[in-house]
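Peer 1: This is the structure, below, for whatever I ask next.
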Amino acid sequence: MAKLHSFECLPLTASSPDIASCEIAQTWSHISGTILYLLPNHDASPKITCTYFSIALERLLQLDPNSCFLLVQNCSLFSPDDEVTSALHNSNRIYMEKLEELPLTICHLNKKAISNNLVTVGYIMKPSREEDFAKRGAFPICPTPNGLMFLPLTFELPISKQLEEVDVILHKATDEIVSIDLNSSSESSYQIGYTKGMQELQRHIENHNDCFEVDPLNSIYPVLDRLKIQQLLLGLEDLNVGGRCKVRAPHFLKVNSFDEPDLVQRLHDATLSLPSIVKPQVACGVADAHSMAIVFKVEDFNVLNVPLPAVIQEYVDHSSTLFKFYVLGDRVFHTVKKSMPNADVLIKSSEKNGSKPLLFDSLKSLPTATANQHSEGWDPCLDLVLVNKAAERLSKRLGLTIFGFDVVTLHFSGSTMFDAYSEMGIEDIQEGSGDHVVVDVNYLPSFKEIPDDVAVPAFWDAIKKK
């Protein structure tokens, strides 16, 4: 825990009080403030354990009389006795029933000791994501240079008690979704089932007007729905000016069933050629939200195993290069990743397998190009000015402080795709046109590809400014 949350921890390895006090003195001899001393819940005799640690602390008190020590005990096992009280007569004690109370305790002490200007950010997300952020120093339990302090919220304790110490709530609510029903006429009527703990947090937020969220729950609704995302992206096209490459959404079509009798005509009307990529309409929060397929023949839609309703999306030839953008407040960062091969490579590969649909989980088994599958002689050109304008537009329309989106630049690898678009009446597309196509949007990404010394301070500033 100390390693993740950026505070110094001294685990005693000594077998005697003499050596223990020496270890403490060597490591913390520079401390003139408060040291938090956690007494572990051992199976050994409480009296022996308390005596052992009290002797070590008493000796250190003699070395540095200005230090103040806090002895934390598990009240279900230990109770104050005369020996310990005598040894630590000038120290403070706080009793905890659960170890999960430790971050809350440290947060309370820091707020009390530092200043009223400290902003405490309580955050909730799945443990693996929390660890990923924390090990990069993004969630320090001690104050940041811009006056933030982070407190991990836990559903092991009453939420109301924890929020007494919190000024701002940062959540990855999609980690707490157990079910979603998007079959409604508006976002506000989406049927979203959260975990029991998240429901408690949601009720608290609704009942307390002073609860400030970095991004309110209703602001994340569009990123739950791939159809809504596509519709929002359509608005980017008014950023385009003549004579320059364009930014746009991919062509798309929503389907409620793959055996619709007029599917071929609907695909044509939506300017969709094959291969196309098929995605569930639900974008995140449920187990099969990332179960996708690339379809090469119209008849294969009938046997497709992708959750419905689904969005059929243009497969954009992009020379296996994906640009990942991260918006942190008013800062925009990007990185380059290897991506899926162009359509002609996929088609050749599928022919060896009977041209069957290519099924994959985009979080686990995204098909990527090999070194010899990149298009030779073509370097994807990124118009950063244009994409930054798109980031600003998306930020305003989504109302999100921290989000990410993926961009590919359109590249026709050969005559197959060019002819397919020409047959659909699209005459203004030129080979290697470089159109910037935004293919995905997500909330609170990890931005781990950006160097921590740049991204983490920008992350803190985005929260503080909001």
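The values are calculated or read from the model by the stated rules, or taken from the named source; none is laboratory data. Not measured: the values here are computed from a predicted model. Neighbour counts run over all protein chains shown; Cβ positions are idealised from the backbone, glycine included. Protein only, heavy atoms only, side chains kept; ligands, DNA and RNA dropped before computing areas. Shrake-Rupley method; radii C 1.70, N 1.55, O 1.52, S 1.80 Å.
Peer 1: Mind checking which residues of the stretch 172-181 are open to solvent by 20 Å² or more (accessible area, probe 1.4 Å), in a strand (DSSP E or B) and either touching a residue at least 12 places away in the same chain (Cβ under 8 Å) or not assigned by the TED database to the domain that holds K196 (or both)?
Peer 2: Within the stretch 172-181, V178, S179, I180 meet the criteria.
Peer 1: For K324, only one of the following conditions fails: (1) touching a helix residue (DSSP H, G or I) at 6+ places or on another chain (Cβ under 9 Å); (2) under 30 Å from I463 (Cα atoms); (3) not aromatic (F, W, Y). What is its number?
Peer 2: K324 satisfies every listed condition except (1).
Peer 1: Could you say whether any residue in the stretch 324-346 is open to solvent by 10 Å² or more (accessible area, probe 1.4 Å), without any contact (Cβ under 8 Å) to a residue 40 or more places away in the chain, charged (D, E, K, R) and closer than 26 Å to G404 by Cα?
Peer 2: yes
Peer 1: Restricting to the stretch 192-231, and then to whatever is part of a strand (DSSP E or B) and of a type in the set (F, W, Y), can you tell me which residue is farthest from Q313 (Cα to Cα)?
Peer 2: F212
Peer 1: Ok, one more. Could you give every pair whose Cβ atoms fall below 6 Å, whose first residue belongs to the stretch 123-151 and is of a type in the set (K, R), and whose second residue is surrounded by fewer than 20 Cβ atoms within 10 Å (Cβ to Cβ) and in a loop (DSSP other than H, G, I, E, B), counting only separations of at least 6 or pairs across chains?
Peer 2: K135/L4
Peer 1: Right, here's the next one. Any chance the stretch 251-262 includes a residue that's open to solvent by less than 10 Å² (accessible area, probe 1.4 Å) and either among the hydroxyl-bearing types (S, T, Y) or more than 30 Å from T120 (Cβ to Cβ) (or both)?
Peer 2: yes
Peer 1: Being polar (S, T, N, Q) and free of Cβ contacts under 8 Å to residues at least 24 places away in the same chain: is that true of Q230 here?
Peer 2: no
Peer 1: I would also like to ask the following. What about G147, is it buried (at least 21 other Cβ atoms within 10 Å of the Cβ) and closer than 17 Å to K466 by Cβ?
Peer 2: So G147 does not fit the description; no.
Peer 1: Exactly one of these conditions fails for S128: (1) of a type in the set (S, T, Y); (2) in contact with a Phe, Trp or Tyr (Cβ under 9 Å, 6 or more places away or on another chain); (3) outside any loop (DSSP other than H, G, I, E, B). Give me its number.
Peer 2: (2)
Peer 1: All but one of (1) surrounded by fewer than 18 Cβ atoms within 10 Å (Cβ to Cβ); (2) in contact with a helix residue (DSSP H, G or I) (Cβ under 8 Å, 6 or more places away or on another chain) hold for Y123; which doesn't?
Peer 2: For Y123, the failing item is (1).
Peer 1: Within the stretch 160-171, identify whether any single residue is free of Cβ contacts under 8 Å to residues at least 40 places away in the same chain and among the β-branched types (V, I, T), and answer yes or no.
Peer 2: no
Peer 1: Which members of the stretch 199-226 meet the condition of being more than 19 Å from I124 (Cα to Cα) and under 21 Å from the mean Cα position of the chain (by Cα)?
Peer 2: P222, D225, R226
Peer 1: Name the residues in the stretch 290-302 that are surrounded by fewer than 21 Cβ atoms within 10 Å (Cβ to Cβ), in contact (Cβ under 8 Å) with a residue 12 or more places away in the chain and part of a helix (DSSP H, G or I), would you?
Peer 2: Across the stretch 290-302, the qualifying residues are V298, D300, N302.
Peer 1: Something else: Given the stretch 367-466, what helices (runs of 4 or more DSSP H) lie entirely inside it while holding 2 or more residues that are at pLDDT 90 or above?
Peer 2: 384-398, 452-465
Peer 1: Moving to a separate point now. Give the residues of the stretch 251-289 that are without any contact (Cβ under 8 Å) to a residue 40 or more places away in the chain and part of a helix (DSSP H, G or I), sorted by residue number.
Peer 2: Answer for the stretch 251-289, where residues must be without any contact (Cβ under 8 Å) to a residue 40 or more places away in the chain and part of a helix (DSSP H, G or I): L263, V264, Q265, R266, D269.
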